[in-house]
Protein chains: 2
Amino acid sequence: MKETNEFYMERAIALAAEGMNADAGRPFGAVVVKDDEIIAEAYNQVTTMNDPTAHAEIVAMRKACEKLNNFELRDCIIYTSCEPCPMCLGAIYWSQAKMVYYGCSRKDAAAYNFDDQFIYDELDRDMKDRNIQFVQLAQKKAVKVFEAWGQRNS
Amino acid sequence: MKETNEFYMERAIALAAEGMNADAGRPFGAVVVKDDEIIAEAYNQVTTMNDPTAHAEIVAMRKACEKLNNFELRDCIIYTSCEPCPMCLGAIYWSQAKMVYYGCSRKDAAAYNFDDQFIYDELDRDMKDRNIQFVQLAQKKAVKVFEAWGQRNS
C-alpha cells in the first residue's frame, strides 16, 4: 500500500525517539523506502556500536544495500529525522539514492549541540588550514596502483 | 618498533594493490596507526560487500574502533593511499583522528575516473540546486525529539 511521505517521515522520527529511549546513541532515525515499502530502518548507534560512522542514515543504507544485494540505492528515497551531516551526504551521493526527505535542519540540530558545521567548514578549507593535518606522502608510488588499475581495465 | 611514515604509507598502498588483485573493489587502501603500531588495515570493498560506505578509510576506521572498543580514534594517525572523499573526511572528523597522510591527490584519482569532485560541489550548493533533491518535512515533530533529548540530559 502506498503511504504518504509524512508516514515514512514519522517512522524516521519515531526511530530517533526509540534510539534515545534505548540509549543506543544520539536521537536520530532514518528509513529507506523503495517502491512504497520501507526496506530498512535504523537509529544512530555510534556510542553503542563503537562506530563513528553508525549514523542513522548510514546504518539504514547499509541494511538496505544488504537487502537489495546491491551497492547502490537507485530509486530509493531516504527519510531522515535530521538533515544529513557531510559524511552521510557523501554516502547518499555514492549510493545514488533518488531523493532525501529530512525533518530537522542542521540549524535545529546545532541548537541542541549536534553541530556538524565544523565539518562543512573544514571541507572548504585548504588542507594546510585544517584542524586535522593532512600531509601528502609517496604520491608516485600511490599513483602506480591507479596506473595498474587503468591497464587492467583498458 | 617505531616505523617511518613512509613504511605505513607503503602498507596502505600495498593494500590498494591487494584489494585490486583480489577483485574486492576499487584500488584504495588504508591503515590506522596508534602508538607506532598498525591497529587496523583495509582495502575498498564497496562492490564485494555491497556497501557504498565500504571505502578503505571507513572499513579501517571501523575495525580500529572495534579493536579499541571506542567510537573515537584520538591519537590515531590514518594513512590512506588516496586523499579521502567527503564521506571519509566526515568520518575522520567524527572520529577525532589526530592526522592523515595520503598518497594520491583527488586530482590523481579523477584522472583515473575516481572522481569525487561532484560531491564537494553538491555539498556547497543550496539544497534546491542539488542533483539529489532534499525536501524538509515535519520539522516541528522532528524537533520534539531533540527537545526530549535536551530535557533528558539537562
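Laboratory data are not the source of any read-out in this text; all were calculated from the coordinates shown. Quick caveat, the model's predicted, so the values are computed rather than measured. So basically every Cβ, Gly included, is an ideal-geometry build from the backbone, and we count neighbours across all protein chains shown.
Observations on the structure shown:
- Residue identified as crowded, with 21+ Cβ neighbours inside 10 Å and either over 15 Å from the mean Cα position of the chain (by Cα) or at positive phi (or both) among B:Gly29, B:Gly19: B:Gly19
- Selection count where residues are assigned to a helix (DSSP H, G or I) and of a type outside the set (A, V, I, L, M, F, W, C), scope region B:1-48: 10
- Qualifying positions in region B:125-147 - farther than 27 Å from B:Pro27 by Cβ and more than 7 Å from chain A (Cβ to nearest Cβ): B:Arg125, B:Asp126, B:Met127, B:Lys128, B:Asp129, B:Arg130, B:Lys140, B:Lys144, B:Glu147
- Region B:1-11 - residue that is of a type outside the set (D, E, K, R) and facing chain A (nearest Cβ under 8 Å) and, of those, nearest to B:Ser81 (Cα to Cα): B:Met9
The rows are residues; the columns are (1) polar (S, T, N, Q); (2) within 20 Å of B:Ile92 (Cβ to Cβ); (3) surrounded by 21 or more Cβ atoms within 10 Å (Cβ to Cβ).
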site	(1), (2), (3)
A:Cys82	no, no, yes
A:Lys98	no, no, no
A:Ser105	yes, no, no
A:Tyr112	no, no, no
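- Qualifying positions in region A:78-89 - facing chain B (nearest Cβ under 7 Å) and touching a His at 6+ places or on another chain (Cβ under 9 Å): A:Cys85, A:Met87
- Tally, over region B:13-28, of residues that are within 21 Å of B:Ala91 (Cα to Cα) and facing chain A (nearest Cβ under 8 Å): 4
- Region B:99-117, residues that are within 7 Å of chain A (Cβ to nearest Cβ) and either more than 23 Å from A:Lys141 (Cα to Cα) or out of contact with any strand residue (DSSP E or B) (no Cβ under 8 Å at 6 or more places or on another chain) (or both): B:Tyr112
- Region B:36-77: number of residues that are of a type in the set (S, T, N, Q), facing chain A (nearest Cβ under 7 Å) and surrounded by 23 or more Cβ atoms within 10 Å (Cβ to Cβ): 1
- Within region B:15-38, residues that are touching a residue at least 12 places away in the same chain (Cβ under 8 Å) sit with their Cβ atoms under 9 Å from residues that are assigned to a strand (DSSP E or B) and among the acidic types (Asp, Glu), at 6+ positions apart or across chains, in these pairs: B:Leu15/B:Glu41; B:Gly29/B:Glu41; B:Ala30/B:Glu41; B:Val31/B:Glu41; B:Val32/B:Glu41.
- Matching residues in region B:126-151 - criterion: being surrounded by 11 or more Cβ atoms within 10 Å (Cβ to Cβ) and of a type in the set (Lys, Arg): B:Arg130, B:Lys141, B:Lys144
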